[in-house]
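First comes the structure, then the notes that go with it.
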């Protein structure tokens, strides 16, 4: 009996080890075949073909992309060293931003400490004195330029991407230090908070741009190593700094977008085993922890812009889940023992998108809940879900794709699923 149990345990161990090996090999095979970590190359190639066929839906999106990319071509790099306010460290290379929903206290002569007004952005947090706007512009410009290069094969867009990454992540005179120690600080309260990390959600654009350039031999080994060195340091900060650890332990969309960065960077740096562990933990730490048994998202519904935050969280959940497929982990269809899952959340939101139920939670922006659902949740949640899952979660008559942004039209083609049938 003892020998039988020992043999059984050994067999299970061997299977487990082989599973990790196969998953790692699977990632390498996908990577070598030209797949991207944050993007689905098959969908992009489908859109590229539709553009060449002059399909109006995709051609219009492409034209908007080229317009934005051409503007990015003319824009000068605007690195962190250009801000007019020094971070508390005294190092101009440190990223600096202020919490958007915090305002000076009018009852205090100096306004300190600032007080919170959830959902209301303080314009003083969006200026040249800090880095939030220049970082957002960087990520958007890299996204526009890299996609314009991929779809048009015009080298001027790739060359501009290369120069922007050089300025922000390589050149010692202008590069950003790989930390977010001073992100979303609140005057009179702290110099930085863990919530500042979400401002780096767009760093996926840098990873995708690097993949596109590396796969086409547009950057040399020294350039690639420099960028990967920066990402290695940033990944270490994410996982080991006090702020990074706290952000990873948050209970709402911040945790999802934290993993979105973490997993993508782990895969880019070929830390496949670490990425697998993070993805496996995503089942319990994010999906089960944030989605209630009825499919609702309690931590997002309590916000003053509940439609926006539910949409943001669902988008993040689906994007992370798609990355799981790279290493053979199916998070898109994952269901916990008590029935929680991403699909369950989509079905919870379904009657509100189809106007069969009234949204009873707060929505102070976007024209109210009905308009916000139409403008945001329908295209940015269910339009994306249709493309990823290759199925309709709401009635086709809702036309979830019609109000999608031009970038989402390119990344998440609505009729991609029909093409595959």
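Any read-out appearing in this document is the output of simple, stated calculations on the displayed coordinates, not a laboratory observation. The structure presented is a predicted model; accordingly, all values stated were derived computationally and were not measured. Quick reminder, even Gly has a Cβ in these numbers, built from the backbone with ideal geometry, and neighbours come from all protein chains shown.
Which entry is the computed semi-axes √(5λ) of the Cα gyration tensor in Å for this structure: (1) 51, 22, 18; (2) 101, 26, 17; (3) 31, 28, 27? Given (1) 51, 22, 18; (2) 101, 26, 17; (3) 31, 28, 27, the calculated one carries the label (3).
Of the peptides 201-207, 46-52, how do they stack up when ordered by the mean number of other Cβ atoms within 10 Å, highest first? The partial results should precede the final answer.
Values: 201-207: 21.6, 46-52: 17.7.
Ranked by mean Cβ neighbours within 10 Å, highest first: 201-207, 46-52.
Based only on Cα atoms, what Rg/Rh ratio does the range 76-249 have, Rh being taken as Kirkwood's radius? Result: Rg/Rh = 1.02.
Would any residue of the range 32-69 have its amide N under 19 Å from a label point 7 Å out along Cα→Cβ of residue 399? List them or say none. Label zone hits: 55-62.
Calculated FRET efficiency, residue 108 and residue 53, Cβ-Cβ r, R0 60 Å, to nearest 0.05? E(calc), rounded to 0.05, equals 0.45.
Between residue 242 and residue 63, what FRET efficiency comes out of the Förster formula 1/(1 + (r/R0)^6) with R0 = 45 Å and r the beta carbon distance, rounded to 0.05? Don't skip to the end; give the middle numbers.
Working: r = 46 Å, r/R0 = 1.03.
The formula returns an efficiency of 0.45 here.
Of the two radii for the range 132-209, the radius of gyration is 1.07 times the Kirkwood radius, both from the alpha carbons; that is the Rg over Rh value. Each part gets one Cα centre, and for the range 143-189 versus the range 32-102 those centres are 9 Å apart. For residue 153 and residue 360, a Förster radius of 45 Å and the Cβ-Cβ distance give a FRET efficiency of 0.35, rounded to the nearest 0.05.
Under 1.5 on a/c is rounded, so check that first for the range 225-280, then, if it is not, pick prolate when a/b is larger than b/c and oblate when it is not; a ≥ b ≥ c are the square roots of the alpha carbon gyration tensor eigenvalues.
Details: a/c = 2.21, a/b = 1.38, b/c = 1.60.
Oblate is the answer for the range 225-280, as a/c is 1.5 or above yet b/c matches or exceeds a/b.
Sorting 286, 43, 193 by the number of Cβ atoms found within 10 Å of their own Cβ, with the fewest placed first, yields 43, 193, 286. Ranked by how many other Cβ atoms sit within 10 Å of their own Cβ, fewest first, the residues 131, 375 fall in the order 375, 131.
What order do you get for 42, 130 when you list them from fewest to most C-beta neighbours inside 10 Å? Don't jump to the answer; show the numbers that get you there.
Details: 42 11, 130 24.
Fewest-to-most Cβ neighbours within 10 Å comes out as 42, 130.
The distance linking the range 224-270 with the range 313-333 is 17 Å (Cα centroid to Cα centroid, whole angstrom).
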